[in-house]
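Undergrad: Right, I'll just put the structure down here and ask away after.
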Amino acid sequence: MAADPGTTATWWTLLTAFGGSIVGATVSAVVSFSIQKRNLDAAKRQRDEDKLELRKARGYSLLFKMIKLSSSLENLGKAIQSCFDQAEQHRFEGAPWQIVQPIVGGPDEVHFAPEEMALLLSIDDKLFNEIAALDELHNSTVALSNLYGQMRTKVLERFGAVMSGPIGAIGLTQEEVNWLSPRAAELNSLIEALKQRCDVDGAHAWSMLLKLRDSLEMNLGIKHRLIHRSEDQSQAAN
C-alpha cells in the first residue's frame with residue numbers, strides 16, 4: 001500500500017524536530033558541564049591557595065616563636081655572664097649567688113601550637129623530632145630563672161646589708177651561717193644549671209632555628225633573613 005503523502009510529511013517533520021531537540025540538549029549539556037568544570041577548577045584553585053596561605057601563616061608563627069625562644073636563651077645567658085664580668089671589674093670574689101642578680105622582667109614562656117607542629121611534621125619529620133620539645137626546655141629554663149630570683153630575694157630579705165658602691169656586706173652569726181649555707185649551695189646550683197642551659201641549649205636552639213628557616217623556605221616558599229649577634233661579631237645567615 002502506498003504511503004499517504006500527508007502522513008509521510010507529518011512523520012518527517014516530527015523526526016526532524018525530535019532530532020533537533022536531541023542535538024540541542026546535547027550541546028546544552030556540554031556547555032553546562034564545561035562551565036561547571038571551570039567553576040569547580042577555580043574553586044579548587046582557591047581552596048589550594050587558601051590552604052597554602054594558612055600553612056604559610058602557621059609556618060611564620062612557628063618561625064617567630066623559635067626566634068623568640070633562641071633570643072631568650074641567648075639574652076639570659078648574656079645577662080648572667082654580665083654579672084660575672086661586673087664582679088671581676090670591681091674585683092669582687094664572692095660566691096656565684098652573691099654575684100648573679102635576679103633577672104628583672106625575664107623572658108616569657110613559649111608554646112608551640114599543635115597546628116604548627118602538625119605542619120612541621122608534614123614537611124620535615126626529622127626536624128619535627130629535633131624541635132618538638134624545645135619549647136618545654138625553654139620554659140623550664142625560664143622557670144629556673146624565676147625560681148632563682150624568688151629564692152635569692154627571700155635570702156636577702158632575712159639580712160640587712162652595708163653597701164659600698166654596688167657591693168653589700170652582711171655580718172652573720174654562726175646560726176645565720178648555718179641557715180644560709182644550704183640555701184647558698186642551692187642558689188649556686190641553680191646558677192650553674194642556668195649557665196649550662198643557656199650556653200648549650202642556646203646554641204642548639206639557634207642551630208634548629210636555621211634548619212627550620214631552610215625547611216620552610218624549601219617547602220612553603222617562606223623566606224626570612226636571620227642575624228645572630230655575638231659579643232665579638234655579627235653573623236648573617238642569608
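Undergrad: List every residue whose amide H lies under 5 Å from the amide H of LEU226, counting only residues 5 or more places away in sequence or on a different chain, with H placed 1.01 Å from N in the peptide plane.
TA: So LEU226 has HN proximity to ALA237.
Undergrad: I'd like the Karplus ³J(HN,Hα) series for region 125-142: coefficients 6.51, -1.76, 1.60, θ = phi - 60°, whole numbers in Hz, and an x wherever there's a Gly or Pro.
TA: Per-residue couplings from phi come out as 5, 5, 5, 4, 5, 7, 9, 3, 9, 5, 5, 5, 5, 4, 5, 5, 5, 4 Hz.
Undergrad: How long is region 104-164 along each principal axis, judged by its Cα atoms, biggest number first, in Å?
TA: Principal extents (Cα only, largest first): 60, 18, 17 Å.
Undergrad: From zero up to wherever the largest Cα-Cα distance of region 58-237 sits, split into 5 Å bins and tell me the percent of pairs in each.
TA: 1, 7, 15, 17, 15, 12, 9, 8, 6, 5, 3, 1, 0, 0
Undergrad: In what sequence, highest mean first, do 89-100, 132-143 appear when ranked by Cβ atoms within 10 angstrom?
TA: Working: 89-100: 14.7, 132-143: 17.3.
Those peptides, ordered most packed to least, come out 132-143, 89-100.
Undergrad: Residue-wise, which Karplus ³J(HN,Hα) couplings in Hz belong to region 208-220, taking 6.51 cos²θ - 1.76 cosθ + 1.60, θ = phi - 60°, and x for glycine or proline?
TA: My calculation for region 208-220 gives 5, 5, 5, 5, 5, 4, 5, 5, 5, 5, 5, 9, 10 Hz in order.
Undergrad: Shifting gears a bit: Order 52-63, 101-112 from most to least packed using the mean count of other Cβ atoms within 10 Å. Don't skip to the end; give the middle numbers.
TA: Working: 52-63: 16.3, 101-112: 14.2.
Most protected by this proxy first, the peptides run 52-63, 101-112.
No value in this document is a laboratory result; all are computed from the given coordinates. All values reported here derive from a predicted model rather than from experimental measurement. Cβ: placed from backbone, ideal geometry, glycine included. Neighbour counts: every protein chain shown.
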